[in-house]
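These notes are about the structure you will find just below.
The values are calculated or read from the model by the stated rules, or taken from the named source; none is laboratory data. The structure displayed is predicted, hence computed values, not measured ones. Virtual Cβ from ideal backbone geometry, glycine too; neighbours counted across all protein chains shown.
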Amino acid sequence: MTSTPDQHRSGFACFVGRPNAGKSTLTNALVGSKIAIISSKPQTTRHAIRGIVHRPDAQLVIVDTPGLHRPRTLLGQRLNDVVMTTWSEVDVIGFCVPADQKIGPGDRFIAAELGKIARKTPVIGVLTKTDLVGPERIAEQLLALQDVLDFAELVPVSAHDGYQLDTLADLLVARLPEGPQLYPEGELTEEPEVTLVGELVREAALEGVRDELPHSIAVTVEEMRPREGRDDLLDIYVNLHVERQSQKAIVLGHKGERLKQVGMNAREQIQALLGSKVYLDLHIKVSKEWQRDPKQLRRLGF
């Protein structure tokens, strides 16, 4: 289902699904580089991150969106708005459902929303995380998915072991319009480095925290500049925002050990991203009830 060399295709696809359906992992696997952060915590993705897949016959731009959910805060509503806006702008949608979890109300809620636009925008059912289950479970889940929505295609994949990723890419590309490259060869994302740095810090901060805390963590990169007199070292100053003093204590950890570990883990990822040594300075700020405050949401980039 690939296009011929004289029919170069280019356009946009997005992956949707409930939180933790494997959308970001799948995006990274197709792009071939880490452009979206990954965590076991729900609602890890907070922005529409664009990753670019380059092929001889096509350029596929994948928009990784937040998980669609029933919002409890102003932040949650704005994340849902990001998803809905993205749906209206792409050429094809991949609806991700994990193979190791039963189809539930969250999946059906999303399917009902997708059903409203399926005539205009083709929707491909993507069964993710197939490496976690056996063939019988995959078959059962695919049959169950057929009852959820009238999909243009159904495809089981695994970002972990690469199973059928090429097939998925072919199915998405086949539904793009003919057109030239949209981005220069070799460019993997249009996200600014400062955005990716902030996301890597947030990813490190999410590891090992209590279930109620991830939603309350936001990150702002206050400054990122080369060290004076050094061309091999970047100074990066970052604020971690939480909503309450008690949350600050959790992120900080006993005698600051947890924050120190966050810094070490984030610095390793940032150095790999930027190809430079990094001095990372982390501070925790209490921004009271920022998820519900329009003014603070704007300041934090939402």
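Structure notes:
- Failed condition for residue 219, given (1) under 30 Å from residue 89 (Cα atoms); (2) modelled with pLDDT of 90 or more; (3) assigned to a strand (DSSP E or B); (4) of a type in the set (Val, Ile, Thr): (2)
- Considering residues of region 177-196 that are of a type in the set (D, E, K, R) and either under 18 Å from the mean Cα position of the chain (by Cα) or outside any strand (DSSP E or B) (or both) only, the residue surrounded by the fewest Cβ atoms within 10 Å (Cβ to Cβ): 185
- Of all residues making up region 158-200, the number that are modelled with pLDDT of 90 or more and within 27 Å of residue 270 (Cβ to Cβ): 4
- Scanning region 229-242 for residues that are at pLDDT below 90 and among the charged types (D, E, K, R) yields 230, 231, 232.
- Residue within region 286-299 that is aliphatic (A, V, I, L, M), in contact (Cβ under 8 Å) with a residue 12 or more places away in the chain and closer than 30 Å to residue 61 by Cα present: yes
- For region 255-285, a tally of residues being surrounded by 14 or more Cβ atoms within 10 Å (Cβ to Cβ) and assigned to a strand (DSSP E or B) returns 4.
- Any chance residue 180 is more than 15 Å from residue 15 (Cβ to Cβ) and touching a strand residue (DSSP E or B) at 6+ places or on another chain (Cβ under 8 Å): yes
- Checking the stated criteria, residue 262 turns out to be within 17 Å of residue 218 (Cβ to Cβ), among the hydrophobic types (A, V, I, L, M, F, W, C) and modelled with pLDDT of 85 or more.
- Residue count for region 197-210, restricted to those that are assigned to a loop (DSSP other than H, G, I, E, B) and of a type in the set (Val, Ile, Thr): 1.
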